[in-house]
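Take a look at the structure below.
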Amino acid sequence: MIKFQSLLNTLFGGKTLPRKSDNTNPESTFIEDDDAGHLISSAQGPIAVPTINTIEGSLFNPADIDLYQLESERQAFLKFSVAQNPLLSVSSVSSLSLFLFDKMGKGLAAGSGEVGFNFSENETFYLGISDGLNPLNSAGEVLLSPEGEVNTGTLTGWQDPRIVIPIFTHYKIAIEIET
């Protein structure tokens with residue numbers, strides 16, 4: 001049995017793949033190291049954006065959520081869009097959703113496949129990705145949903161997926177500046 005996380009760690013070995021100096025590859029990529037956490041206290045990062053403009057990682061089952069700490073280097077509207085890598089994914093009916101939180105875990109925005117928000121210079125925020133699960137506040141209410149629902153409170157957990165079937169979804173999140 002292939003252990004995909006071990007394979008990815010072996011292939012990429014680090015967290016950040018820098019841009020090439022000859023500018024033939026304008027991508028600077030942050031690679032998920034082991035398994036990113038699902039709460040503010042266990043998020044991976046910090047990731048400086050837009051210097052880092054791609055995040056790559058994997059979801060190992062429907063209960064797996066990845067959360068990344070990002071630091072905005074300048075004031076900008078940042079757009080995040082996710083794509084599944086079919087060559088590194090195992091039979092999944094993914095509905096990948098993205099969620100943005102402020103430094104305290106308050107919900108900012110969410111979307112199915114893409115999300116954007118206007119950030120200030122040197123602002124800390126968090127980007128979460130899940131395969132159909134929504135974040136919850138302390139009252140057990142959906143904090144953010146890809147359909148646009150935004151409730152009060154901060155991130156304290158995620159919906160229970162009920163049945164966890166093994167899947168493997170490798171994703172790539174592109175980070176763009178919109179002016």
Zone of K79's modelled label, taken as backbone nitrogen in the stretch 155-179 under 19 Å from a point 7 Å along Cα→Cβ = 172-179
inquiry  = Along the charge dipole of the stretch 28-178, pointing to its positive end and built from +1/-1 on Cβ of Lys, Arg, Asp and Glu, which listed residue (V150, I52, T169) has its Cα farthest out?
reply    = V150
message = Just the number please: accessible area per residue for the stretch 97-179, 1.4 Å probe, all protein chains included, in Å².
response = 48 Å²
query = Roughly how big is the stretch 105-167's charge dipole about its Cα centre, with Cβ charges of +1 (Lys, Arg) and -1 (Asp, Glu), in debye to the nearest 20?
reply = 160 debye
key: Protein-only accessible surface order, largest first, of E73, E121 at 1.4 Å   = E121, E73
note = Here the net charge surrounding F119, from other residues whose Cβ is less than 10 Å away from its Cβ (Lys, Arg +1; Asp, Glu -1), is -4
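The values are calculated or read from the model by the stated rules, or taken from the named source; none is laboratory data. All values derive from a computational prediction rather than experimental measurement. Counting neighbours? That spans all protein chains shown, and the Cβs are built from the backbone with ideal geometry, glycine included. The accessibility values were calculated without ligands, DNA or RNA, using every heavy atom of the protein model including side chains. Shrake-Rupley method; radii C 1.70, N 1.55, O 1.52, S 1.80 Å.
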